[in-house]
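Heads up, the thing below is written out as structure tokens.
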Amino acid sequence: MATVQDIYQRDLAIQSLPLLVAGESQRTLAWRDGQPISAAQFVTHVEQVAAQLPVATAAVNLCEDRYAFLVAFCAIAMRGQTNLLPSSRAPQAVDEVMATHPGSYALGDQPLDPAPGGYRQLPVLEMVAAPRPPALEWPLIPAEQVVAIGYTSGSTGTPKANKTWRNYHASTAGNLRMLRAAVGERFNVVATVPPQHTYGIEMSVLLPLLGEVTVHAERPFFPADVAAVLADMPAPRVLVTTPVHLRALVESGVTLPPLAAMLSATAPLSLELAHAAEQRFAAPLLEVFGSTETCAFASRRLAVDADWQLYDNVYLHPQPDGTQVEAPQLDAPMTLADIVSLHDGGRRFRLCGRHADMLEIAGKRASLGDLTRRLLAIPGVEDGVVFQLDEADAIGVRRIAALAVAPALDEHTILDALRRAIDPVFLPRPLRLVDSLPRNETGKLPRAALLALLAHHG
């Protein structure tokens with residue numbers, strides 16, 4: 001069997017890789033405004049936009065419409081430039097990213113006020129027949145070109161992931177194998193996550209480029225909108241979403257068109273929610289594991305098995321402070337803060353927590369993830385999180401705090417329930433009731449926002 005390094009060295013010999021995989025020029029790549037868009041039409045749009053882009057090394061891709069993002073992403077890459085992907089479209093986040101890339105510009109599909117310096121609005125993408133013969137080869141991108149630099153919500157001007165076109169080809173191969181095993185060769189994707197996020201890029205941008213997959217341009221938010229957009233697409237349908245959106249869908253009582261599968265990431269998924277979603281929508285719920293730095297490299301179906309299955313040619317090496325990951329999409333092994341236990345000859349693993357989330361107080365150990373899970377398991381708690389404060393108390397212990405959304409409960413009731421579930425040394429103090437948690441577009445909880453909300457309710 002070839003090693004990861006063998007595969008990497010072999011791929012280095014490939015100078016360029018296609019923008020799209022081989023396939024019929026008239027295959028449907030995207031669905032927008034009730035109309036299918038062919039691969040040929042898509043490439044025509046990409047070439048038109050690329051011809052209008054300025055000379056630069058990088059561009060912040062701010063397109064909100066998923067198809068517009070796809071076109072801009074590929075046009076920027078075809079010009080030999082890098083897509084800059086800030087943690088959000090907030091002006092401060094965009095300005096911070098642009099400041100680290102002098103001479104960069106911003107490209108979006110909406111008029112912005114205020115707009116970033118050098119902002120350009122994408123031209124109208126007209127839907128006309130594309131005169132591209134079926135046998136014509138797709139455009140090529142240099143394999144080692146950095147096509148995207150991703151930032152996380154915790155970054156302030158420091159990139160978290162530089163991805164070449166070869167990196168993305170390799171990571172998408174693993175995602176396609178995993179999804180094809182569940183739903184077949186061809187399927188249609190509706191995603192509730194933004195395309196700028198790594199998970200969104202992997203599952204709603206790269207899949208239609210590098211697999212025979214169709215993606216919907218919309219990013220529905222409310223349950224009724226999710227149902228309507230899914231109904232726009234033919235079967236088999238795959239819903240790419242997050243635990244936050246899944247919970248809203250389950251609790252809304254909405255009826256969804258038949259699904260081939262659901263896919264979840266960005267936050268821990270509870271077993272209770274996994275069972276409820278599968279029962280409610282009669283489809284398998286798959287979960288992917290990865291990071292901004294590594295992309296996805298493992299998957300599982302929690303309702304059936306709690307262990308994660310590694311993708312082909314991915315290897316994990318436990319370290320004292322985390323886990324080293326070897327994967328075809330990584331140029332060199334990378335260490336994550338996650339603590340795992342390996343099984344089945346190293347091909348499966350159980351997640352034990354993150355190094356930064358492990359707590360040790362009075363000689364006792366716990367993890368913030370497990371404490372949060374127990375908080376969410378209390379009847380009446382609709383959302384919640386447990387986290388550790390930055391400053392230590394008088395005896396040098398960093399206190400544990402919690403925020404909970406529980407309209408029908410009070411703080412004492414929640415603490416009493418937690419006392420029955422966890423060791424008293426890990427009881428969160430303070431615990432505050434709030435109307436909602438400050439989740440971002442992918443359902444994550446930025447630490448700074450949690451601390452600000454706690455202070456507000458202090």
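The values are calculated or read from the model by the stated rules, or taken from the named source; none is laboratory data. Given the structure is predicted, the values throughout are model-derived calculations rather than measurements. Note that we place each Cβ from the backbone using ideal geometry, even for glycine, and neighbour counts take in every protein chain shown. The accessibility values were calculated without ligands, DNA or RNA, using every heavy atom of the protein model including side chains. Shrake-Rupley method; radii C 1.70, N 1.55, O 1.52, S 1.80 Å.
Figures for the structure shown
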| quantity | calculated |
| --- | --- |
| Enumerated strands (runs of 3 or more DSSP E) restricted to the stretch 368-457, each holding at least 1 residues that are open to solvent by less than 40 Å² (accessible area, probe 1.4 Å) and in contact (Cβ under 8 Å) with a residue 60 or more places away in the chain | 383-392 |
| Top-ranked residue of the stretch 142-153 - restricted to ones that are in contact with a Leu (Cβ under 9 Å, 6 or more places away or on another chain) and at pLDDT 90 or above, ranked as most open to solvent (accessible area, probe 1.4 Å) | GLU144 |
| Which listed residue, of PRO139, PRO123, PRO86, PRO133, is modelled with pLDDT under 85 and under 30 Å from PRO18 (Cβ atoms) | PRO133 |
| Selection count, the stretch 329-367, where residues are modelled with pLDDT under 85 and open to solvent by 60 Å² or more (accessible area, probe 1.4 Å) | 9 |
| First in the stretch 229-242 and under 18 Å from ALA182 (Cβ atoms) and open to solvent by less than 50 Å² (accessible area, probe 1.4 Å), second anywhere and part of a strand (DSSP E or B) and among the hydroxyl-bearing types (Ser, Thr, Tyr), Cβ under 8 Å, 6 or more apart | MET233/THR214; THR241/SER264 |
| Identity of the residue in the stretch 191-228, out of contact with any Phe, Trp or Tyr (no Cβ under 9 Å at 6 or more places or on another chain) and of a type in the set (Val, Ile, Thr), that ends up most open to solvent (accessible area, probe 1.4 Å) | THR198 |
| Condition check for ARG166: open to solvent by 10 Å² or more (accessible area, probe 1.4 Å) and at pLDDT 95 or above | no |
| Strands (runs of 3 or more DSSP E) within the stretch 196-268 that include 1 or more residues modelled with pLDDT under 95 and farther than 18 Å from GLU382 by Cα | none |
